[in-house]
Amino acid sequence: MNRSFRDIVAMKAFPADLLLWLAVTVPVFLANESPEVRQPPGLPLPWVRIAAVPLLALAVAVGRRWPVVAAAVPVGLALAVTPELYTDTFMIPQLLLAFLLGRRTAGMRAGLLFFTGVCLAGLVAVNLTPGSTLSNWLSLVTTAVTNILLPWLAGRYVRQHDGLIRSGWELAERLEREQSLIGERMRLVERSRIAGDMHDSLGHELSLIALSAAALQVHPGRDESARQAAAELRVSAARSTERLREIIGVLREEGESAPVLPSGDTVAALVERAAASGMAVTLHGELEPLPPMADRAAYRVVQEALTNATKHAPGAAVTVRLGTDHASGEAEVTVVNAAPPAGPLPAPRLGTAAWAGAVARPAVASGSGGYGLVSLDERVRLAGGRLRARPADGGFAVTARLPLTAGAAATPPDSQRELALARRKVRRRVIDAIWLPIAAAAALTLVTSGYDLYTARRSVLDAGVYTELRVGQSLASLGSRLPAYQVDAGGRPRGAPADPRGADECRFYRIRANSPSPAYRLCFTGGRLSHKDEVPTVRR
């Protein structure tokens, strides 16, 4: 029987889940809990430990699909023992499953909502538990920050780090594939360059020879033999041009025809021919002398942009701006075409086909397949510049920045820029995932510490006042002399001895502000002071 992919994944994950279950269950029975945790009002610790075995197994089983549920199990067990959440028995499960919560969830919402839910659940537990006060809830919040929030942040950091590594490997594989294609493409590009150079030089010269021969053939001052020789020269030059075109066609890339313009053509001449053909194009500024690679790149930028404007926005006004930024050492070439006009277009002096044959490369004008800007970006990049193409006010804008001096290194390709961008995004996400919760936890810690400090100072009973207290005095007469707060905000301190028999109420006050132990104990029976002494408590 063929096993499904899900079954195979489950079988591979079973050993890891088994180890995780042992890691979160064994510490439950090895923890040496303090005696206070075993006392009411929490559930009996031995029974909670027994219930933890299947519940933690369930948490591990559903942890991959529902990590929030898994992290909530040890929190619920700890709250069942003590409303303060702090217990050595379930500290390790809380740390591990909170870490896995950050590791297995992509966004921040799940972790932050879980932390908030734990704090709210603790507030409810404190209100429902007899003898618990606001101080117990603040202790719960501190424990939640330590056992839940910080491990969750660590898990998120590991997840973001793994995502960065995975993105790096994916981009590395992409770079390797691109590198294998670059070798083949470079050979094709080199053949195209050879073809272009040969045609630009030889084809242009042969065309001039043919024109000169035609002029001699029709010259009235020549005899018949000279005219015949000129005609033969013209036919021979035309035949040589045709053969050259056929030979160069083998070297060129498939579908690309030879250029019809000389290699020394300028941007100004290109714009002038476009305007003469009926295109609404204007030229502003001029370029300083550029290195050969940058000069041809600037020419191709204007040529490609004008061709695309003719093809995709016929009749639209086009503006060509040339300028030099000496501060950055770059020349800037910008071609902007407006949105095509609505309604019928005016008849141009030359048709689109004539414009394509006279100004631009026919292969690009007739159907470049969308790769014109890609090739143009590569040409500008190899010249050490940068190309940007974008929509602009209903039209389109192409901007190239080219170096003014020769020897400029080629700018990084798109894949490297994407890798750098991915790294910056991951770093920003990691920072956002860390500083926001840490800032919230720091603010909460400051509030908690300030509250504890305030209540500690307001819960100190002056030694002189304690000495003056006499058994039998009424609580009403002592009210103005007693501090506003008690140890643990009115709750019973940990480790305090049992109340004297017959006492209705016992109050505990600090002797020193910086320590809750020992404490003064005042017990009242029937509204009068019946017992006073100094008792030890457990230090927090």
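The values are calculated or read from the model by the stated rules, or taken from the named source; none is laboratory data. The shown structure was predicted, so the numbers you read here are calculated from the model rather than taken from an experiment. Note that we place each Cβ from the backbone using ideal geometry, even for glycine, and neighbour counts take in every protein chain shown. These accessible areas exclude ligands, DNA and RNA; they are computed on the full protein's heavy atoms, side chains included. Shrake-Rupley method; radii C 1.70, N 1.55, O 1.52, S 1.80 Å.
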Tell me, what ³J(HN,Hα) does each residue in region 452-469 have, in order and in whole Hz, if you take phi through Karplus 6.51 cos²θ - 1.76 cosθ + 1.60 with θ = phi - 60° and put x for Gly and Pro?
4, 5, 5, 5, 5, 5, 8, 10, 8, 9, 4, 4, x, 5, 4, 5, 7, 5
Using a 1.4 Å probe on heavy atoms of the protein chains only, the accessible area for PHE396 in Å², nearest 10, reads 70
Charge-dipole axis of region 38-133 as Lys and Arg at +1 and Asp and Glu at -1 on Cβ define it, positive-most pick from ILE50, GLY63, ASN127
GLY63
Amide hydrogen neighbours beyond the local backbone of GLN473, cut-off 5 Å, H modeled
LEU529
Grab the Cα-Cα distance for ARG388 and LYS425, subtract it from 0.36 nm times how many residues apart they are, and report the gain in nm with one decimal.
11.2 nm
Taking 0.36 nm per residue of separation between PHE29 and ASP452 and subtracting their Cα-Cα distance, the length gained on full extension comes to 149.0 nm
Kindly sort ARG104, ARG401, ARG156 by accessible area of their heavy atoms, largest first, with the probe set to 1.4 Å.
ARG104, ARG401, ARG156
HIS312 - accessible surface, heavy atoms, 1.4 Å probe, Å² rounded to 10
120
Using amide H atoms built 1.01 Å from N in the peptide plane, name the residues 5+ places from GLY395, or on other chains, whose amide H lies under 5 Å from its own.
ALA339
With 0.36 nm assigned to each residue of separation and the Cα-Cα distance removed, VAL465 to TRP66 gains 137.8 nm
So for R0 = 22 Å, FRET eff. of ALA275-ALA406 from the Cβ-Cβ r, to 0.05, ends up at 0.10
What ranking, highest mean first, results for peptides 74-85, 266-277 when packing means the other Cβ atoms within 10 Å averaged over each residue?
74-85, 266-277
Given backbone amide H placed at 1.01 Å from N, residues whose amide H is under 5 Å from that of ALA331, ignoring those fewer than 5 places away on the same chain, are ASP325, LEU402, LEU404
In whole angstrom, the spacing between the Cα centers of region 76-109 and region 273-340 equals 63
Sorted by packing (mean other beta-carbon atoms within 10 Å per residue), highest first, where do 167-173, 108-114, 497-503 land?
108-114, 167-173, 497-503
So what's the gap between the Cα centers of region 120-149 and region 472-506, to the nearest angstrom?
23
Per residue solvent-accessible surface (Å²) - region 283-344, probe of 1.4 Å
45
